[in-house]
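Throughout, read-outs are computed from the coordinates displayed, never taken from laboratory work. Computed from a predicted model, the values in this text were never measured in an experiment. Cβ placement follows ideal geometry from the backbone for every residue including glycine, while neighbour counts extend to all protein chains displayed.
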Amino acid sequence: MIFLTLIPTSTAFGSHIFDDRDAFAQYLDIAQLSSEKYLLKIDDKTYDVYYGYHGSFEADVKKIDELPKLAYMNINQDRKSIEITMESVPSNSVLWLRLPIEVIYAENEQYRLVIDGIDTKYDLTKFPDQYAVGMIIPKDTKYIEIIGTSVVPEFGSFSIAILGISFIGIIHFVRKIHF
């Protein structure tokens, strides 16, 4: 019996030394480590949009001037799209963006990508709360637009309910008053 207790096992035991049990449970996405972040401000809320080029880890630090540079990003509510303006694109490049689902959404994940006025194919990966959109951008690209079926802020059910109640109130008011 003593012989069995002396056999080494591969089981390791530890005790909890932190009061905060979630100290090591923070999920850090590879996109947050290897990419740039654009803070997209819509009304009073800010959304993190991560983006990168050539997979970001593959980018040669010595050739940083050869990478594209994103200048500006905004929401176009009329077109239900995100508009991206590029500062420079020195050569054909791969661009990827991680877009939060609450910022832009497309039914059946059928986005439309327009680069300098030309419909372009893209690659799409779905995550629990965001989409990664990958594309090839040609040299000297100036304007990129990702079109969905809805963008923030959209009119929610609460706004529609208020509109309906107001409409019913106006009809009731007009019926009571005789002209």
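The table that follows gives values for the structure above.
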item	result
Fully extended contour minus Cα-Cα distance, from Ile171 to Asp116, at 0.36 nm per residue	15.0 nm
Glu36, Glu87 arranged by Cβ crowding within 10 Å, fewest neighbours leading	Glu87, Glu36
Order of Thr85, Thr141 under a 10 Å beta carbon neighbour criterion, fewest first	Thr85, Thr141
